[in-house]
Each structure stands twice: as C-alpha cells, then as structure tokens.
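Visitor: For reference, the structure I am asking about is given below.
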Amino acid sequence: MRKKIVAGNWKMNKTYEEALSLVSEIDNMLKDEVSGDVTVIVTPPFPFLHAVGKLTQGNDRLHLAAQNVSEHESGAYTGEVSAAMLRSVGVEYVLVGHSERRLYHHEDAQTLYKKMKAALAQGIKPIFCCGEPLEERDADRHFEYVGQQLKDSISYLSNEEFDQVVIAYEPIWAIGTGRTASSQQAQEMHAYIREQLSRMFDAEAAFNCTILYGGSANPGNAKDLFSKEDVDGGLIGGASLKSRDFTDIVKSF
C-alpha cells in the first residue's frame with residue numbers, strides 16, 4: 001500500500017513565533033481529528049527547523065522537512081546548508097527541484113541529482129518536484145517535458161535509492177495564472193509519471209512510489225484530487241499556512 005502524504009511547504013513565510021504557533025495548532029488538530037494513516041509533513045524555513053524539530057521529534061503524527069539542501073557535504077559554500085546539518089536537527093524529508101528553485105536559482109538536472117544523493121546519504125528522503133510551464137502545456141508537450149525531467153535526474157538513482165524518493169507533480173501552468181488544473185488532468189500526469197518510473201526501475205517500485213499533487217490544492221478540491229487512483233496526497237503551498245485549511249486537506253482522504 002502506497003504511503004499517503006500531505007506536506008505543507010511554507011516557503012518564505014512566518015516569523016519564529018508564528019511558526020511555533022502554527023505547528024502547535026496543526027499538531028493539536030491532528031491529535032483530535034485525524035487518523036494515523038496519513039503522513040503529515042511541515043516544511044518551515046531554515047531558521048525555524050531546530051525549534052519545529054523539537055515539536056515533531058518522536059511525534060508519529062507530524063514529520064519535518066526542509067525546503068532545500070546543498071549538493072555539497074561541507075566546505076566554503078557561504079549560505080548553503082548540508083544534509084548532515086539538516087539531519088542533525090531532525091529533518092526527515094527535503095524538497096528537491098521545486099519549480100521556484102529551478103526558475104529563480106537555475107538549478108539544473110545534474111545539481112538536483114547531486115542534491116538527492118546528498119540527502120539520501122544522510123537518510124533523508126527527497127521529495128523530487130517536477131512539472132511543466134504554461135508554454136509546454138499549451139504546445140501539448142507536457143508529458144514529454146515532465147518525462148525528460150524524470151529521466152535527467154531520477155533515472156540515475158539505484159533501485160534502493162529510488163525506494164526512498166517521493167515525487168511531487170507541480171502543474172506550473174495552473175499556479176498563479178488564473179487557469180485551473182482538473183483532477184482528471186492531475187490523474188493523467190500522475191499515471192504518466194508512474195509509467196515512466198516503471199520503465200526506469202520496475203513496475204513494483206513505480207507502484208509503491210508516492211506521487212503528490214502540487215497544484216494549489218485546497219480544502220475545496222482536495223477530496224476530489226485524492227480520490228484519483230494515482231494521486232497519493234499533496235504538496236500544499238498557501239493553504240499550509242492556515243492550520244484549519246491544512247488539517248482539512250489532511251482529512252480529505
């Protein structure tokens with residue numbers, strides 16, 4: 001049975017006090033309202049990882065992720081954060097290849113592969129993000145585009161390494177553009193991703209891989225999205241900054 005995951009990506013939001021308040025609210029709501037068959041992940045900014053990690057440590061309901069990781073183990077890389085550093089404060093998952101990192105920081109496929117390797121070496125599970133921009137969707141090249149993203153980074157992992165990876169599909173064309181991706185469009189891409197993974201590894205590994213939807217999921221559409229055969233949860237942006245909205249999404253399974 002594939003793991004169901006709802007991960008909240010806080011991006012560059014919240015102060016220290018707000019971060020602690022948010023995670024405490026989420027934890028209390030999960031305790032009171034949510035069954036234990038969904039893995040719930042919070043992904044705060046770097047300065048809050050240690051404090052939030054203390055709240056998630058030993059907590060079966062709530063898990064900690066980082067928004068980024070360096071491909072380097074250590075050294076003169078000002079401003080970078082290594083996988084060993086993340087692991088030392090309780091990080092269990094890390095985002096790799098988020099569309100904003102690809103766009104604003106020009107992270108290429110080889111860099112993303114190295115980041116995954118660095119995370120895996122420290123026992124941290126990568127959440128590998130992929131997805132097509134508007135021009136690729138409109139040109140009907142969306143499957144080819146996402147397939148190439150997977151081939152250029154994921155395919156170089158070993159079978160054992162791939163077993164630790166979560167995939168997150170981001171339909172970039174439907175985020176902040178006024179256009180909406182339907183649950184059927186999400187299902188089509190998730191099924192395509194799973195098919196590509198089965199060719200890179202094997203059918204069983206692909207079947208067992210959790211694939212999240214990262215396209216503006218909210219309490220209103222999460223139930224429909226999560227009902228699709230190949231949608232195993234969500235990578236949640238804006239809605240993860242509100243404890244009620246986020247826990248309502250978790251309850252949508």
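The values are calculated or read from the model by the stated rules, or taken from the named source; none is laboratory data. What you are looking at is a predicted structure, and each value in this text was computed from that prediction instead of being measured. All Cβ positions, glycine included, derive from the backbone under ideal geometry; neighbour counts span all protein chains shown.
Visitor: Considering only residues of region 1-19 that are touching a residue at least 12 places away in the same chain (Cβ under 8 Å) and part of a helix (DSSP H, G or I), which is nearest to Val96 (Cα to Cα)?
Guide: If we take residues in region 1-19 being touching a residue at least 12 places away in the same chain (Cβ under 8 Å) and part of a helix (DSSP H, G or I), then Ala19 is nearest to Val96 (Cα to Cα).
Visitor: State whether one or more residues within region 153-174 are over 29 Å from Leu86 (Cβ atoms) and modelled with pLDDT under 95. It would help to see each step written out before you state the result.
Guide: Kept after step one, since they are over 29 Å from Leu86 (Cβ atoms), are these residues of region 153-174: 173-174.
The next check asks that each one be modelled with pLDDT under 95; those that pass are 173-174.
Yes.
Visitor: Among the listed residues Leu22, Leu30, Leu55, identify the single one that is in a helix (DSSP H, G or I), at pLDDT below 95, buried (at least 19 other Cβ atoms within 10 Å of the Cβ) and not polar (S, T, N, Q).
Guide: Of Leu22, Leu30, Leu55, the one residue that is in a helix (DSSP H, G or I), at pLDDT below 95, buried (at least 19 other Cβ atoms within 10 Å of the Cβ) and not polar (S, T, N, Q) is Leu30.
Visitor: I need every pair where a residue in region 74-93 that is farther than 16 Å from Pro126 by Cα has its Cβ under 6 Å from the Cβ of a residue that is among the aliphatic types (A, V, I, L, M), sequence separation at least 6 or different chains.
Guide: Correct list of pairs: Val89/Leu49.
Visitor: Given the criterion of a type in the set (Lys, Arg) and over 30 Å from Ser24 (Cβ atoms), identify the matching residue among Arg199, Arg244.
Guide: Arg199
Visitor: Just to verify a result, which residue in region 33-52, among those that are in a loop (DSSP other than H, G, I, E, B) and not β-branched (Val, Ile, Thr), is nearest to Ser82 (Cα to Cα)?
Guide: This residue is Pro45.
Visitor: If I ask for residues that are within 21 Å of Tyr156 (Cβ to Cβ) and either in contact with a strand residue (DSSP E or B) (Cβ under 9 Å, 6 or more places away or on another chain) or among the acidic types (Asp, Glu) (or both), which ones from region 186-234 would you list?
Guide: Result: Ile193, Arg194, Glu195, Leu197, Asp202, Glu204, Cys209, Thr210, Ile211.
Visitor: Can you pull out every residue in region 129-145 that is of a type in the set (Asp, Glu), over 21 Å from the mean Cα position of the chain (by Cα) and buried (at least 16 other Cβ atoms within 10 Å of the Cβ)?
Guide: Glu136
Visitor: Of the residues that sit in region 146-180 and are in a strand (DSSP E or B) and without any contact (Cβ under 8 Å) to a residue 60 or more places away in the chain, which one is surrounded by the most Cβ atoms within 10 Å (Cβ to Cβ)? Walk me through how you get there before you give the answer.
Guide: Step one: list which residues in region 146-180 are in a strand (DSSP E or B), which gives 166-169.
From what is left, the residues that are without any contact (Cβ under 8 Å) to a residue 60 or more places away in the chain are 167, 169.
Working: Ile167: 26, Tyr169: 24.
The selected residue is Ile167.
Visitor: Select from region 209-229 the residues that are outside any helix (DSSP H, G or I) and buried (at least 20 other Cβ atoms within 10 Å of the Cβ) and list them in ascending order. Even if it seems obvious, please write down each step before you answer.
Guide: Pass one, region 209-229, residues outside any helix (DSSP H, G or I): 209-221, 227-229.
Of everything in region 209-229, those that are outside any helix (DSSP H, G or I) and buried (at least 20 other Cβ atoms within 10 Å of the Cβ) turn out to be Cys209, Ile211, Leu212, Tyr213, Gly214, Gly215, Ala217, Asn221.
Visitor: Based on this model, can you work out whether Ala206 counts as closer than 12 Å to Arg2 by Cβ, in a helix (DSSP H, G or I) and either within 18 Å of the chain's Cα centre (by Cα) or at pLDDT below 95 (or both)?
Guide: For Ala206, the condition - closer than 12 Å to Arg2 by Cβ, in a helix (DSSP H, G or I) and either within 18 Å of the chain's Cα centre (by Cα) or at pLDDT below 95 (or both) - is met.
Visitor: I'd like to verify a number: residues in region 87-108 that are in contact with a helix residue (DSSP H, G or I) (Cβ under 7 Å, 6 or more places away or on another chain) and more than 18 Å from Ser153 (Cβ to Cβ), how many?
Guide: 3
Visitor: Now a separate question. So is Arg199 more than 23 Å from Glu80 (Cβ to Cβ) and modelled with pLDDT of 95 or more or not?
Guide: yes
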